[in-house]
Amino acid sequence: MGILDRLSTLIKSNLNDLISKAENPEKMLNQLITDMRTQLAKAKQEVASAIADEKKLQADAEKEKKQAEDWERRAMLAVQENRDDLAKQALVRYNEHLTGAQQLHETWVKQRAENEALKGALRQLNDKIEEAKRRKTVLVARHRRAEAQQRIQETMSSIGDKSALESFERMAEKIEDRERKALASAEIHEDLSGDTLAKQFQALEHTGGVDQQLLALKQKMGALGPGQPAAQKQIAPGQSKDAAEAELVEDGEDDEEVKET
């Protein structure tokens, strides 16, 4: 296989196909780039040799042409000197060198065309190497993602037996049911134990205590204007209504004394 054929094979290679067939795409890409660089270096050397041969052909063609021109000039000189015999011999040499020059020129033209194709192939190969380098990271990342997805699918497939998960769900439902029953039992126990009426009054006393504190705070700050009712004193647990009213009267008398003073 010639150098041009080897370059064409590398240039036409599909990187995606190579990646899909490789067990280790990252290693495959690195090896591919290394191989392409090696081929590129060899191709450069061979193309350089071909270009050197081309230049030699061009020089040989020019040399033959120049010699043909020299023998033509000598033939003309022999004619001027009436030496037809020498003129004929000079023309024979002229024709030989002219034919050689034409053949070398044709060979040089073909060689130059092949060298241009080789240089184009070299440029394409170099572009391919740069493309491979740019796409390497992306392709490897895609492959790793595909591998991760495959591992996830395999893991999910390996959990094909759902009996363990179903047992777990049943156990969770059983625990939640026990929790609900325990809360219900506690609620029933609370409803059946203790004096519910006393509990209701305790709640009212707690609320009333906050209201009394608010009114006392307003009195302390002087926020209650004239004519506003004084804070109603809450009946303390175990205190009779008459005792509470007596305390309210005493508090009112104290307030009057303060005002007179």
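Where a number appears in this text, it was derived from the coordinates with a stated rule and is not lab data. Predicted model, so just to flag it, every value in this text is computed and none were measured. Because the Cβ atoms are built from the backbone with ideal geometry, glycine has one as well, and the counts that use them run over all protein chains shown.
The figures follow:
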{"read-out": "Note, ³J(HN,Hα) from phi for the stretch 146-152, Karplus 6.51, -1.76, 1.60, rounded to Hz, x at Gly and Pro", "value": "4, 5, 4, 4, 5, 4, 4"}
{"read-out": "Selected from 118, 97, 77, residue furthest toward positive end of dipole (the stretch 3-158; charges at beta carbon)", "value": "118"}
{"read-out": "Kirkwood-Stokes translational diffusion coefficient of the stretch 3-158, alpha-carbon pairs, 10 °C, 1.306 mPa s, µm²/s", "value": "79 µm²/s"}
{"read-out": "Residue-by-residue Karplus 3J(HN,Hα) for the stretch 95-105, coefficients 6.51, -1.76, 1.60, Hz, glycine and proline x", "value": "5, 4, 5, 5, 5, x, 5, 5, 5, 5, 5"}
